[in-house]
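Have a look at the structure below before the remarks.
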Amino acid sequence: MKRLLQGYARFRANVFPRWQHHFHLLADRQAPETLFITCADSRVVPNLIFQTEPGDLFLCRNAGNVVPPHGEMAGGVSATIEYAVEVLRVRHVVVCGHSDCGAVKATLPPDGAPLGERRDLSHLPLTAKWLGFIEPAWRNLEQGTRTDDPRALHTALIHANVVTQIENLKTHPEVSRGLSEQTLHVHGWYYDILTGAIESWDEHVRRFVPLEEVSAAKSPTLGF
Ligand SMILES: [Zn+2]
């Protein structure tokens, strides 16, 4: 907590004065272009990764960058999506997973256990329920995933989870309407904490490719 308070003191004294004009413009309105749904993990720092400024990203964060399917839960994620699309009129929704995701790891078998086995999460009933939204990712595993290599399997499941949550995202009526009217674009990304690199899900070839390739090759259709 000491670190937070020291940072706040520096912000008030040195940082806020430089941004005062910017915040003045944002004080009673916002018009972010992107709803960015990502994990709560402390190592994923969107404003640093994308060099964005206050007002740029509408953020929604939770363990495992989960998007419950429409109708299953009138929770914070669904309400945030509805507000971002219907009221803020964001043009992009990004679902971004990341390497070494603990939420996804919790749906893997315990070390050395057979594939179908799950960790005992009976002491974390709410977490267990939430992770149930990640479980369907198993059916989206990339072909040829090495299930005998725990690290490779973990990474493949994180990728598959991004694909799964995008599928769920599209069940939300405002999202599917935006997609069919081409006022909204949906992106599935994977951020590597070790290298800082991002991969993007390419629905046509059904695999993740470097974000640089997607933005260079297909900018008009993807709306970049
Ligand atoms: Zn995570």
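Every number in this text was worked out from the coordinates using simple rules, so none of it is lab data. Every value quoted in this text rests on a predicted model; they were computed, and no experiment measured them. Using ideal geometry, Cβ is built from the backbone for each residue, glycine included, and neighbour counts are taken over all protein chains shown.
General remarks:
- Taking 7 Å steps out from each Cα toward its Cβ at GLU53 and HIS22 produces label points 0.6 nm apart.
- Within the shell defined by Cβ-Cβ distances under 15 Å, the residues around GLU82 carry a net charge of 0, with Lys and Arg each +1 and Asp and Glu each -1.
- Region 122-157 and region 180-205 have their alpha-carbon centroids 19 Å apart.
- Linear extension gain, ASP100 paired with ARG151, 0.36 nm per residue minus alpha-carbon span: 17.5 nm
- Dipole magnitude of the chain, debye to nearest 20 (Cβ charges: Lys/Arg +1, Asp/Glu -1, about Cα centre): 700 debye
- Paramagnetic reach from GLN143 (point 7 Å along Cα→Cβ, amide N under 19 Å) across region 164-184: 164
- Computed over region 96-184, the range of Cα coordinates on each principal axis works out to 48, 33, 20 Å, biggest value leading.
- For the chain, the mean residue ellipticity at 222 nm estimated from helices alone is -10500 deg cm²/dmol, where every DSSP H run of n ≥ 4 contributes -39500 (n - 2.57) and the total is divided by all residues, rounded to the nearest 500.
- The orientation-averaged projection of the convex hull spanning the C-alpha atoms of the chain amounts to 14.9 square nanometres.
- Between THR183 and LEU5, the FRET efficiency estimated from the beta carbon spacing at R0 = 35 angstrom works out to 0.20.
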